[in-house]
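One structure below.
The values are calculated or read from the model by the stated rules, or taken from the named source; none is laboratory data. Values in this document were obtained by computation on a predicted structure and should not be read as measured data. So basically every Cβ, Gly included, is an ideal-geometry build from the backbone, and we count neighbours across all protein chains shown.
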Amino acid sequence: MSLGKAMIHARKQKAIARAAAYAGESVAVHHNHMLQMPVLVLNASYEPINICGARRALVLVLKGIARTEEEHGLTLHAQRSRIAMPSVIRLLEYRRIPHQTRALSRKNILLRDRNTCQYCGVVLPPSELTLDHVMPRSRGGNSTWENLVACCHACNRRKGNRLLNEIDDMVLLREPRPFSLHTSRQIMRMLGRGDDRWRKYLFY
């Protein structure tokens, strides 16, 4: 082989190697993205109890702790096998889920109220919302789940330190409650709007 042909051959080999490496990186990125997709977790009773990443869901299925109820329509290609990506999994043994309340914080209040002012109903970014004490602190109100709500600044200024029964046309959209498992189901229902496979399980 002449020197010129050898150089051309070497360039081709380098190009092939670069293409293979790029393809490998693309596959790795694609697999990583797939393994981060959300999966709905059901108790053995079909009650929705959590959302986890696809990687965790696959581990539970492969260990025999859960079974796939709905597939995502995508396939993870491993070296010697292909694995259907789950969209919904169900635990094979019933897990008792204690009634838990999340920590009382501004972030969780806004999450519970879905970034919605509980007086006028406007939806705003967290940075444009504040917290309002339904029973003002100046009148004995405490910082509790039942007394704190998401509120826009306009409604907060308007309400001031008054009680709602002292304002003619200002009412709460809903009664404030602790951020419980039921509230988490509401969040799961919202997330499930993007995946039709979830909807029949989110009837709570």
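If you go through region 132-161 one residue at a time, how many are small (Gly, Ala, Ser), surrounded by 15 or more Cβ atoms within 10 Å (Cβ to Cβ) and within 17 Å of ASN108 (Cα to Cα)? Steps first, answer last, please.
Filtering region 132-161 down to residues small (Gly, Ala, Ser) leaves 138, 140-141, 143, 150, 154, 160.
This time we only want the ones that are surrounded by 15 or more Cβ atoms within 10 Å (Cβ to Cβ), so: 141, 150.
With within 17 Å of ASN108 (Cα to Cα) added as a condition, the list becomes 150.
Summing the residues that are small (Gly, Ala, Ser), surrounded by 15 or more Cβ atoms within 10 Å (Cβ to Cβ) and within 17 Å of ASN108 (Cα to Cα) in region 132-161 gives 1.
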Selected residue (criterion: farthest from HIS133 (Cα to Cα)) from residues of region 165-204 that are among the aliphatic types (A, V, I, L, M) and surrounded by 13 or more Cβ atoms within 10 Å (Cβ to Cβ): LEU202
Residues that are touching a Lys or Arg at 6+ places or on another chain (Cβ under 9 Å) and either among the β-branched types (Val, Ile, Thr) or outside the structural domain of ARG112 (by TED's automatic domain parsing) (or both), drawn from region 150-175: ILE167
Top-ranked residue in region 49-72 [being not in a strand (DSSP E or B) and not aliphatic (A, V, I, L, M); ranked as nearest to ILE83 (Cα to Cα)]: ARG55
Meets criteria (under 18 Å from the mean Cα position of the chain (by Cα) and at pLDDT below 85) for THR101: yes
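For the structure I just gave you, tell me whether LEU191 is in contact with a helix residue (DSSP H, G or I) (Cβ under 8 Å, 6 or more places away or on another chain) and farther than 30 Å from VAL39 by Cα.
Working: in contact with a helix residue (DSSP H, G or I) (Cβ under 8 Å, 6 or more places away or on another chain): yes; farther than 30 Å from VAL39 by Cα: no.
Answer is no for this residue.
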Evaluation of TYR46 against (1) surrounded by 16 or more Cβ atoms within 10 Å (Cβ to Cβ); (2) not small (Gly, Ala, Ser); (3) not in a strand (DSSP E or B) (one fails), failing number: (1)
Tally, over region 74-92, of residues that are farther than 14 Å from PRO48 by Cβ and modelled with pLDDT of 95 or more: 1
Neighbours by Cβ (under 8 Å, 6+ apart or cross-chain): first from region 33-50, touching a residue at least 24 places away in the same chain (Cβ under 8 Å); second in a strand (DSSP E or B) and among the basic types (Lys, Arg): VAL41/ARG90; LEU42/ARG90; ASN43/ARG90; ALA44/ARG90; TYR46/ARG90
